[in-house]
Amino acid sequence: MSDEIIKEEVSGKDRRSFLNLSIFISFAVAIGGALYPVIKYLLPADSTKGTEGGETFFISADEIPVGSAKLVRYKNRPTIIIRTKENEVYALSAVCTHLGCIVKWHEDAKELLCPCHAARFDLYGNVLGGPAPKPLPAYKAAVEEDRILIREA
Amino acid sequence: MNELRLGPILIRNRFLISIYNFVENRLGIKEILDLEVFYKLAPSYLGIFSCFGGITFFMFTLQVVTGILLLVYYVPTTAQAYDSVVHITNNVPFGWLIRGIHHWGANIMIITVFIHMGKIYFHGIYKNPRELNWVTGIVLLICTLSFSFTGYLLPWTQLSYWATVVGTEIPSAMPVIGDYIKIFLRGGADVSQITLTRFFAVHIMVLPAAVIMFIVLHIIMIRRQGISGPL
Ligand code: FES
């Protein structure tokens, strides 16, 4: 009786193929159970999520003295904040539009220079020279009391 | 050909047979696979204590796998070692599991090594003709203990720091060469970043390479000589 049930369940094959299938399934479960934590471990969940657009970001004004620039993460992208005067700040995406290197602020030339293939940008993100095809996306930046705020332009 | 016989193993799966044929046609592996060493069956008089060599080997492979996984997040600097270990344990998904297996696996491996060694010793299995295998076993024992000692420092906790200070101080009790050995182990007068770096290098490169080599020798010798008879 029970034999017949087994026979039907494994599409008309015999006891051997049923047992083979059981072994295969137990192995698959065991290997899957061992691999699941390993894959989760290698793909940490929290680091893949970035902050979403449209939000404001602030940083203490002391962190960026006049005449300097600082790299921050805004909307989960590298963003450069440049403070030229006490109350004048600029915020731009720091990802070069050529091949994605991180641009640097050069205080003496008053421009952003990409270290990879020497693309040059001004404070508004416009391309001044080099291979960059597009301007850098710019954000609104302002000094408010002792904080520097950035929001979407 | 829809059946393949390799020693006592009978393969019917057509996919496996076609893989076998592919390799066989190109490399002629039959000659090697037919060697007797692959088909020695375990004698029936073996008991549970004969399993501890194999269990130790299993523990070692587990340590290799979890060790590689820990290496993905561990940072071997005095400033960040502890924080990275805490990060693995608390923030990385299943990090607690991987680290726990590595930690407890290391402890269990020491136990299984000593049970294996006790069995070999008390049954007199180390005697002629198996002296050479006993020697490779001792090398493996020293490597295992060195694994424990170097691995203990890596989380850079108070416990691991002072254990390493004390442990590296011990050889300095030897006359004449003692202090040189201590300085060699530490890479300087004190336990510092240099000590951490060299312990790390020994723990993840030198010892695994040595252990794998000696395990291969150990197993080849067992296969060549066969399992020793009952008492
Ligand atoms: S990546 Fe910036 S110039 Fe090429």
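Laboratory data are not the source of any read-out in this text; all were calculated from the coordinates shown. Here the structure is a predicted model, which means the values were calculated and not measured. When we count neighbours, we look across all protein chains shown, and the Cβ atoms used for this are built from the backbone with ideal geometry, even at glycine.
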Given the C-alpha centroids of the range B:155-221 and the range A:89-119, what is the distance between them in whole angstrom?
47
What helices does chain B hold that run 24 Å or longer along their axis, going by alpha-carbon atoms, with a Kyte-Doolittle average of 1.6 or more, using DSSP H for the helix calls?
B:52-71, B:207-225
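Taking a threshold of 29 Å on the Cα-Cα distance, which of the pairs B:Lys119/B:Lys182; A:Lys70/A:Lys134; A:Lys110/A:Lys134; A:Lys40/B:Lys119; B:Lys127/B:Lys182 fall above it?
Those over the limit are B:Lys119/B:Lys182; A:Lys40/B:Lys119; B:Lys127/B:Lys182.
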I need to check one value: relative contact order of the range B:14-106, counting alpha carbon pairs closer than 8 Å and at least 6 residues apart, in percent.
23
Quick one: give the max-minus-min coordinate of the C-alpha atoms of the protein assembly as shown along each principal axis, largest first, in Å.
90, 78, 45
Go through the range A:106-122 residue by residue and turn each phi into a ³J(HN,Hα) via Karplus (6.51, -1.76, 1.60, θ = phi - 60°); whole Hz please, and just put x for glycine and proline.
10, 5, 5, 7, 6, 8, 9, 10, 8, x, 7, 9, 6, 6, 10, 10, 8
Quick one: B:Phe122, B:Phe147, B:Phe214, fewest Cβ neighbours within 10 Å first, how do they rank?
B:Phe122, B:Phe214, B:Phe147
Ranking B:Thr66, B:Thr89 by Cβ neighbours within 10 Å, fewest first, what do you get?
B:Thr89, B:Thr66
Kindly put A:Val66, B:Val85, B:Val176 in sequence by how many other C-beta atoms sit within 10 Å of each C-beta, fewest to most.
B:Val176, A:Val66, B:Val85
For A:30-38, what's the mean count of beta carbons from other chains sitting within 10 Å of each residue's beta carbon?
2
What trypsin sites (Lys or Arg not before Pro) in the range A:58-149 are in a loop by DSSP, with at most 15 other Cβ atoms within 10 Å of the Cβ?
A:Lys110
Return a whole-number percent for the relative contact order of chain B, with Cα pairs under 8 Å and 6 or more residues apart as the contact set.
20
With an 8 Å cut-off on Cα pairs and a minimum separation of 6 or more residues, tell me the relative contact order of the range A:56-151 in percent.
27
Computed over the Cα atoms of the range A:56-151, the Rg and Dmax in Å are 12.5, 39
